[in-house]
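Peer 1: Structure below; questions to follow.
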Amino acid sequence: MGELKLRPVPMPTGRAAGPTPLNALGDNLLTTTLDKVINWGRSSAIWPALFGLACCAIEMMGTVGPRHDLSRFGSELFRASPRQADLMIVSGRVSIKMAPVLRQIYDQMPEPKWVIAMGACASSAGMFNNYAIVQSVDKIVPVDIYLPGCPPRPEALIDAVVKLQRKIRGEPLVKRPA
Amino acid sequence: MLVERLGNRFKQALRESSDFRGDLSIVVEPEAVVDVARYLRDEEGFDYFLYGTAVDWPARDPRFTVVWEVRSLANKTRVRIKTTAAMPDPHAPSLTAVWPAANWHERETWDLLGITFDGHPDPRRILMPQTWEGHPLRKDYVSFGEPVIFSDQKLEGLEPDAIRG
Amino acid sequence: MAETRIKQEPFGPGPAQEPLGPEHEPPTEWMELNMGPQHPSTHGVLRVRLKLDGEVVRDADADIGYLHTGFEKSFEDKTYTQGITFSDRMDYLAPPINNVGFVMSVEKLMEIDVPPRAQAIRVMMMELARIASHELWLGTAGLDLGVYSGFFYAWRDRELVLDLNELYSGVRMMTSFTRVGGVAWDLPDGWLEQLQRFINVMPARIDDFESMLTQNPIWRQRLEGVGALSRQDAIETGVTGPMLRGSGVDYDVRKAFPYCGYEQYDFNVPLGSNGDCYDRYRVRVQEMRESLKILQQALDTLPSGPWLTNNRKVALPPRSELSKSMESVIHHFRLVSEGFKGPVGDVYAFVESPRGELGFYLVSDGTNKPYRMKVRPPSFCNLQPLKKLVQGVLLADVIAIMGSMDFILGDVDR
Amino acid sequence: MLSDYFPLLIFLAAVFVFGLIALFFPPWLAGHSHSAAKDLPYESGIVPRSGARRKFAVSFYLTAMLFIIFDVEAIFIYPWAVILKRLAWFGVAEMAVFAAVLLVALIYVWRKGALEWGN
């Protein structure tokens, strides 16, 4: 597994990475407006992968439940197979035995993919500073949003998804002082 | 009383018995464990297996105390069978033949504490990855976790196992 | 920085293939299917290695440990009061029941008796947790068998319990509300009225569920006769809780060994007859009704008085006392800084969790931390007969059987 | 005469062109990012030991065949149902004979136990 080079900045452009004809055009009026449309499309329908580990998974189920209803924000389906998912919510503590599986599932997700480290255990192993828990998920997968809480409330998870949507659209998360 | 019946039946195999806080526990010689267990199940009606584990006492000579606890559903009593396992290669007889429910408990005790159970049908690790070395719940196993770094602490020069003293 | 030793297990049964099990290598045409850690209906990160002959399951080897969190190692490093917060995270469907179990083992070790008001509060929180856990089970097990709308009904009712938890302890799930010798806070005003409203509204909702499912021909066909566990097998494989009672064994810790004042409340224990998935479903739904009865009685006979023992050795003195007497300041300081020391010895305390008997075997060597805390998890014992239950069963029924077991991987792997 | 079919030809040509575009344009535009792990078959997060192609039990084949037989039978009923009004009683009798033949087949299969799985 070793150390992973974290993605310094998420893909600013909506276009796929790599040598595609659109990238050859460089950033001009056509491609940047196309980026906005693609990013808008991507951000408004993020389908999470069904990846519940521990207690945070129960709150994640609560978020999809009738009261908090994450599908108001576009995340209607929790896809069981990573092939059809573009967001991995690591909800719970990642044990040493689960780490390679998590990495395998992250690899098998198609390219525009994001990761939310839900809860203290995913972000920093929370209260479990022992042999069995990987001390933070970003040792395994590049994480886009760290969500504190143990477990975070469903409203906090919805806030994380909304922040992720703004991040995908390329808007700055933190409002810069005017 | 159960302890008397056990005493005159197994004589010196029964080392001691205690009634701490109302929990009846008996310490038995490792060789006699299976016979005591069979006797308890057949004659005394202890048909329900609760749990099996071990406790690591590094200071004592037979270092490990292997513990099984069983219950009799009919007459609502409980007994804790204890035996000892010495260090270089701790062994204990497996009670899976007597109570099939002991299977996974003994596999977990082997996995986390390194007690091999003779006669266990499926002696694999159950919780840790199959290729894991060491037995985590032993007292000398350093639970290595990350040293907790507070924001103002400087990073380099931190002795890796600062937290384990 | 200590390098995290992630041992890259040569994953998947590659060349370093560990023995699949004692029996011989299966005939070649058996297909080995991984119902792996990431699977919608394994209720957590359980991996089952199924050997399939066409659609019929020939062998199932449950490979657990994907959520092993080393609780027992962490308990050895925490004082008794710190351990309460850990106990929440094991069986995360009914955290209050873990708290009470953990604290009861310490109280049994230190021989502390709990004031009646604290016991009643504990009973109420535990029965609420039982209803919430069974509701969640109804939602998810139904989801596995296609009852999609059931998930939303169940979750609508579960949110009511979470509101009550939040009003009392400030947290929706991980209440950590007990302390050695009682509970941490008294009931806030308005909590009892909200509980009464909850008790008034719930029976209709459970009937809602029953009318939707119990006589539903698809539900019955999928569950009746599937995964039957005979009475003798149930006792032999050590299953507990609704699985044991589904097979007709009349054993409920609240009746057999009453704790926290359960003997004052009259409720009956639902029993199944032939131990199949349908009986377990009926037992769980009926248990929810019994819990409501207990809640109503506990609400009516709620005693007033202290909610924490005044034995200063283990319980913090109230804040008002701190300004007056120097002695309680000393007690307060000692308790907060290093906790209390227990006598040498080992005890086993157990409670009835929604999945069965949850036991805490505490070994103490006289220091302020448990020397060894072994947890007897009900889900671990309920999962063990999986290999026996799925022999010769169709693949779709494996989902129904695992759904009816109601195991929680945080409980199984600890 | 030929010109009557001219619009149809245009339509077919348009369909053909659109098919080509839909087939080759997106892969050309979108980038590719393959990795060793991504190309492995997905097996619930476990690295699979062997490929996904395996010998299947014969029961699957049997069930598939039975399904196809009765599915094709259903397809024959559609055109019949459309013009049933004009066919009147002759049509009903004809379909009855057609259905009876397949009914005999169904009873035979049922009695043989091919519908129960895995015996």
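The values are calculated or read from the model by the stated rules, or taken from the named source; none is laboratory data. Bear in mind the structure is a predicted one, so any value in this text is a computation, not a measurement. No Cβ is skipped: glycine too gets one built from the backbone with ideal geometry, and neighbour counts run over all protein chains shown.
Peer 1: Of the residues in the stretch C:237-274, how many are in contact with a Pro (Cβ under 7 Å, 6 or more places away or on another chain) and crowded, with 19+ Cβ neighbours inside 10 Å?
Peer 2: Residues meeting the conditions: 5.
Peer 1: Output the number of residues of the stretch A:97-127 satisfying the condition of being more than 9 Å from chain D (Cβ to nearest Cβ), over 14 Å from the mean Cα position of the chain (by Cα) and buried (at least 24 other Cβ atoms within 10 Å of the Cβ). Outline the logic, then answer.
Peer 2: First, pick out the residues of the stretch A:97-127 that are more than 9 Å from chain D (Cβ to nearest Cβ): A:97, A:99, A:112-127.
Then keep just the ones that are over 14 Å from the mean Cα position of the chain (by Cα); that gives A:97, A:99, A:120-121, A:124-127.
Then keep just the ones that are buried (at least 24 other Cβ atoms within 10 Å of the Cβ); that gives A:97, A:99, A:121.
Here the count works out to 3.
Peer 1: Under the condition of being surrounded by fewer than 24 Cβ atoms within 10 Å (Cβ to Cβ) and among the aliphatic types (A, V, I, L, M), which residue from the stretch B:55-66 is farthest from B:His105 (Cα to Cα)?
Peer 2: Once the filter is applied, the top-ranked residue is B:Ala59.
Peer 1: Return yes or no: is C:Arg282 farther than 23 Å from C:Trp137 by Cβ and part of a helix (DSSP H, G or I)?
Peer 2: No; evaluated as a whole, the condition is false for this residue.
Peer 1: Here's a check for you: in the stretch A:128-137, which residue that is touching a residue at least 40 places away in the same chain (Cβ under 8 Å) and within 7 Å of another protein chain (Cβ to nearest Cβ) is farthest from C:Lys73 (Cα to Cα)?
Peer 2: Only one residue fits best here, namely A:Val134.
Peer 1: Which residue out of B:Pro147, B:Pro136 is at pLDDT 90 or above, more than 30 Å from B:Arg41 (Cβ to Cβ) and out of contact with any strand residue (DSSP E or B) (no Cβ under 8 Å at 6 or more places or on another chain)?
Peer 2: On inspection, the qualifying residue turns out to be B:Pro136.
Peer 1: With respect to A:Ile140, determine if the residue is crowded, with 21+ Cβ neighbours inside 10 Å, modelled with pLDDT under 90 and within 14 Å of chain D (Cβ to nearest Cβ). Walk me through how you get there before you give the answer.
Peer 2: Details: crowded, with 21+ Cβ neighbours inside 10 Å: yes; modelled with pLDDT under 90: yes; within 14 Å of chain D (Cβ to nearest Cβ): yes.
Spelling it out, A:Ile140 is indeed crowded, with 21+ Cβ neighbours inside 10 Å, modelled with pLDDT under 90 and within 14 Å of chain D (Cβ to nearest Cβ).
Peer 1: Restricting to the stretch D:55-82, and then to whatever is surrounded by 10 or more Cβ atoms within 10 Å (Cβ to Cβ) and facing chain C (nearest Cβ under 9 Å), can you tell me which residue is modelled with the highest pLDDT?
Peer 2: Across the stretch D:55-82, the extreme among qualifying residues is D:Phe60.
Peer 1: Shifting gears a bit: Restricting the stretch C:102-118 to residues that are surrounded by fewer than 22 Cβ atoms within 10 Å (Cβ to Cβ) and not in a helix (DSSP H, G or I), which is farthest from the other protein chains (Cβ to nearest Cβ)?
Peer 2: Top of the filtered list is C:Pro115.
Peer 1: If you don't mind, another one. Pairs please, first residue from the stretch A:60-81 and more than 9 Å from chain C (Cβ to nearest Cβ) and closer than 19 Å to A:Arg153 by Cβ, second anywhere and at pLDDT 90 or above and in a loop (DSSP other than H, G, I, E, B), Cβ atoms under 6 Å, 6+ apart in sequence or on different chains.
Peer 2: Hits for this filter: A:Ser75/A:Ile46.
Peer 1: Taking the condition of being assigned to a loop (DSSP other than H, G, I, E, B) and either buried (at least 24 other Cβ atoms within 10 Å of the Cβ) or hydroxyl-bearing (Ser, Thr, Tyr) (or both), how many residues in the stretch C:67-101 meet it?
Peer 2: 11
Peer 1: If a residue has to be out of contact with any Gly (no Cβ under 8 Å at 6 or more places or on another chain), small (Gly, Ala, Ser) and within 11 Å of another protein chain (Cβ to nearest Cβ) to count, how many in the stretch B:54-105 make the cut?
Peer 2: 2
Residue by residue, here is whether (1) more than 22 Å from C:Val114 (Cα to Cα); (2) surrounded by 22 or more Cβ atoms within 10 Å (Cβ to Cβ) holds:
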| position | (1), (2) |
| --- | --- |
| C:Arg280 | yes, yes |
| C:Gln297 | no, no |
| C:Pro303 | no, no |
| C:Asn311 | no, no |
| C:Ser325 | yes, no |
| C:Tyr371 | yes, no |
